[in-house]
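Have a look at the structure below before the remarks.
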Amino acid sequence: MKRALLVIDVQNEYFTGKMPVTYPMGSLSNIMQAMHAATERGIPVYLIRHTAIQAGAQVFLENSPGWQIVPAILNEKHDKIIEKNLPGSFTGTELEQLLRSNGTDTVTVCGYMTQMCCDTTARQALHLGFAVEFLSDATGTLDVSNSAGSVCAKDLHNAILVTQAMLSSKVVAVRDWMKSL
């Protein structure tokens, strides 16, 4: 098994911006632990950064404070920053080519938000033939309300974990993932 760790959208918008992640507690610390473990074992770490290009976007505007990667993450050892404009980290990016050129067969997903960019990226990876590990306590979300209804962060997060475990991913806590390396 040749892994790569995908650290998706750990950007200021989710901490000091308009979309603060609230669940699960400690997700940022767990992401950092996963990055350290990956680096220690020679697993490539790719930071994924979202940039909004849609007209009228209010968040993730290029070069805005919210768009910046959280400094603690940016200061950790990583192999490359991949820029994306849609929820899936493979869409319109070099990610698949990079992984294939390195012989990667398994991607480990962490970051934000559980139900959007992490879920989409995990599904894309499966469709492209990669095995997927989804770090249950190193992904996170927030309460969501819109015209379709509302859901609390805990229920939303857990629903995605259950769905990912049905077909797409091996859902695992960071502590257990590190033991398996």
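Only the coordinates and a few stated rules stand behind these numbers; no lab work does. None of the values given here were measured: they were computed from a predicted structure. Positions of Cβ are backbone-derived with ideal geometry, glycine not excepted, and every protein chain shown enters the neighbour counts.
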Which of the peptides 110-123, 160-173 is most tightly packed, and how do the rest follow, going by the mean number of other Cβ atoms within 10 Å of each residue?
-> 110-123, 160-173
Measure off 7 Å from each Cα along the Cα-to-Cβ vector at Ser145 and Leu126, then give the distance between these two points in nanometres to one decimal.
-> 3.2 nm
Where the centroid of each part is defined by its Cα atoms, how far is the stretch 1-59 from the stretch 84-140 in Å?
-> 11 Å
Share antiparallel - DSSP beta bridges, the stretch 3-180, percent rounded to 5 = 15 percent
Taking N as the residue count of the chain, its alpha carbon Rg divided by 2.2 N^0.38 Å gives 0.95
From DSSP H assignment alone, runs of 4+ in the chain each adding -39500 (n - 2.57), the sum over residues rounded to the nearest 500 puts [θ] at 222 nm at -8000 deg cm²/dmol
Shape category assigned to the stretch 97-175 from the gyration tensor of Cα positions, a/c cut at 1.5 | prolate
When the Karplus curve 6.51 cos²θ - 1.76 cosθ + 1.60 is applied with θ = phi - 60°, which whole-Hz ³J(HN,Hα) does each residue of the stretch 169-175 get, with x for Gly and Pro?
-> 9, 8, 8, 8, 6, 3, 3
Which whole-Hz ³J(HN,Hα) couplings does the stretch 21-36 yield from phi under the Karplus relation 6.51 cos²θ - 1.76 cosθ + 1.60, θ = phi - 60°, glycine and proline marked x?
-> 5, 10, 8, x, 4, x, 4, 4, 4, 5, 4, 4, 4, 5, 4, 4
